[in-house]
Ligand SMILES: Cc1cc2nc3c(=O)[nH]c(=O)nc-3n(C[C@H](O)[C@H](O)[C@H](O)COP(=O)(O)OP(=O)(O)OC[C@H]3O[C@@H](n4cnc5c(N)ncnc54)[C@H](O)[C@@H]3O)c2cc1C
């Protein structure tokens with residue numbers, strides 16, 4: 001692997017920005033983690049294709065980031081390239097007549113939600129308050145207990161690096177699960193077509209406000225986190241299970257099971273990734289012992 005050769009080759013590609021030894025604690029909502037050998041922003045499709053070609057040629061491992069709101073980065077960092085999608089991937093186009101929105105995966109989900117509201121299109125209300133990008137939300141099939149991204153998706157366009165081509169998937173060509181999809185891990189979501197419904201602006205606003213109020217009541221907004229750490233087991237609330245185990249407030253170093261929501265492990269200021277992992281291990285072991293349930297992490301790990 002040669003990151004220096006890669007940096008040299010990448011510097012010649014238009015619409016590519018490369019930062020070496022980038023601190024990832026500045027790039028994640030957790031504010032935790034070491035450095036990435038390379039942090040690369042691709043502002044166009046051409047830039048992305050060319051970048052991946054270079055990384056493959058130079059044998060540099062890579063991972064894709066949206067806004068890093070669901071990622072725990074190891075304290076040792078990531079000895080590869082973190083890729084993010086820039087300008088060309090942030091476009092949002094709304095067709096009110098067909099109630100469809102086509103958006104680049106680098107667009108913030110909050111913007112997609114607001115565009116839907118501005119055009120009186122219903123369907124995105126559940127996503128109000130979910131941080132991160134549209135690409136991250138599709139990849140995670142983000143949502144609430146009752147509403148998921150997959151319900152509003154019509155089509156997804158990805159770049160498949162292994163085949164070096166674009167691929168278009170209709171909604172029903174992808175298997176959508178609880179915070180998972182059947183899209184190959186290496187595929188990069190580039191664009192998403194959303195099918196919404198004509199609605200009433202006042203009703204949409206009311207639903208969003210309700211959803212936001214619920215979120216503010218039940219989530220620790222003031223402290224850095226990655227949202228829910230574990231997936232809910234079928235028909236159960238993992239937050240409630242953790243709370244009933246008496247684990248709220250349990251801490252290791254600067255990582256603490258939130259007093260507000262049992263399934264949030266917050267960074268109280270000085271948490272390391274190792275602290276978070278230790279708290280996760282304690283929660284996992286206690287829940288397994290108490291309920292016989294083996295929790296699955298929702299958070300994604302990088303550099304472990
Ligand atoms: C306070 C808080 C509240 C949250 N509430 C919710 C909630 O209610 N519901 C919910 O589902 N989640 C929630 N989350 C988690 C998180 O916001 C979502 O999972 C979000 O969709 C992740 O988007 P992101 O852009 O930050 O993705 P990242 O965290 O950067 O990445 C997440 C995963 O998606 C992959 N990915 C990102 N972009 C792409 C792409 N273009 N192509 C392919 N793969 C990609 C990454 O490789 C990674 O595996 C919350 C997080 C926080 C901090």
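Observations, loosely collected:
- Some residue of the stretch 136-150 being surrounded by fewer than 18 Cβ atoms within 10 Å (Cβ to Cβ), outside any strand (DSSP E or B), in contact (Cβ under 8 Å) with a residue 12 or more places away in the chain and away from the ligand (no atom under 13 Å from the Cβ): no
- Restricting attention to the stretch 247-285, the residues that are more than 13 Å from residue 30 (Cα to Cα), away from the ligand (no atom under 16 Å from the Cβ) and touching a helix residue (DSSP H, G or I) at 6+ places or on another chain (Cβ under 8 Å) total 7.
- Only residues that are in contact with a helix residue (DSSP H, G or I) (Cβ under 7 Å, 6 or more places away or on another chain) and either part of a loop (DSSP other than H, G, I, E, B) or within 21 Å of residue 137 (Cα to Cα) (or both) were counted across the stretch 232-246, and they come to 2.
- Enumeration of residues in the stretch 224-237 that are within 13 Å of the ligand (Cβ to nearest atom) and over 16 Å from residue 276 (Cβ atoms): 231, 232
- Per-region count, the stretch 65-82, residues assigned to a strand (DSSP E or B) and surrounded by fewer than 23 Cβ atoms within 10 Å (Cβ to Cβ): 2
- Residue in the stretch 287-297 that is assigned to a strand (DSSP E or B), at pLDDT 95 or above and within 16 Å of the ligand (Cβ to nearest atom) present: yes
- Test: residue in the stretch 24-35 that is more than 21 Å from residue 4 (Cα to Cα), within 10 Å of the ligand (Cβ to nearest atom), part of a strand (DSSP E or B) and in contact with a strand residue (DSSP E or B) (Cβ under 9 Å, 6 or more places away or on another chain): no
- Of all residues in the stretch 212-230, at least one satisfies being assigned to a loop (DSSP other than H, G, I, E, B), within 30 Å of residue 49 (Cα to Cα), out of contact with any helix residue (DSSP H, G or I) (no Cβ under 8 Å at 6 or more places or on another chain) and not assigned by TED's automatic domain parsing to the domain that holds residue 114.
Residue-wise test of (1) under 22 Å from residue 265 (Cα atoms); (2) in the same structural domain as residue 273 (by TED's automatic domain parsing); (3) within 12 Å of the ligand (Cβ to nearest atom); (4) out of contact with any strand residue (DSSP E or B) (no Cβ under 6 Å at 6 or more places or on another chain).
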{"residue": "21", "(1), (2), (3), (4)": "no, no, no, no"}
{"residue": "37", "(1), (2), (3), (4)": "no, no, no, no"}
{"residue": "43", "(1), (2), (3), (4)": "no, no, no, yes"}
{"residue": "49", "(1), (2), (3), (4)": "no, no, no, yes"}
{"residue": "52", "(1), (2), (3), (4)": "no, no, no, yes"}
{"residue": "64", "(1), (2), (3), (4)": "no, no, yes, no"}
{"residue": "69", "(1), (2), (3), (4)": "yes, no, yes, yes"}
{"residue": "74", "(1), (2), (3), (4)": "yes, no, no, yes"}
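- Number of residues in the stretch 83-129 that are under 16 Å from residue 189 (Cβ atoms), buried (at least 17 other Cβ atoms within 10 Å of the Cβ) and within 16 Å of the ligand (Cβ to nearest atom) equals 17.
- Figure legend. Inter-residue proximity from the stretch 58-71: first residues at positive phi, second residues part of a loop (DSSP other than H, G, I, E, B) and away from the ligand (no atom under 13 Å from the Cβ), beta-carbon distance below 9 Å, spacing 6+ or different chains. Indicated pairs: 59/1; 59/2.
- Residue match in the stretch 187-210 (condition: assigned to a loop (DSSP other than H, G, I, E, B), within 16 Å of the ligand (Cβ to nearest atom) and either in contact with a helix residue (DSSP H, G or I) (Cβ under 7 Å, 6 or more places away or on another chain) or within 23 Å of residue 68 (Cα to Cα) (or both)): yes
The values are calculated or read from the model by the stated rules, or taken from the named source; none is laboratory data. In this text the structure is predicted, and so the values were computed from the model without any measurement. Cβ atoms come from the backbone with ideal geometry, glycine included; neighbour counts cover every protein chain shown.
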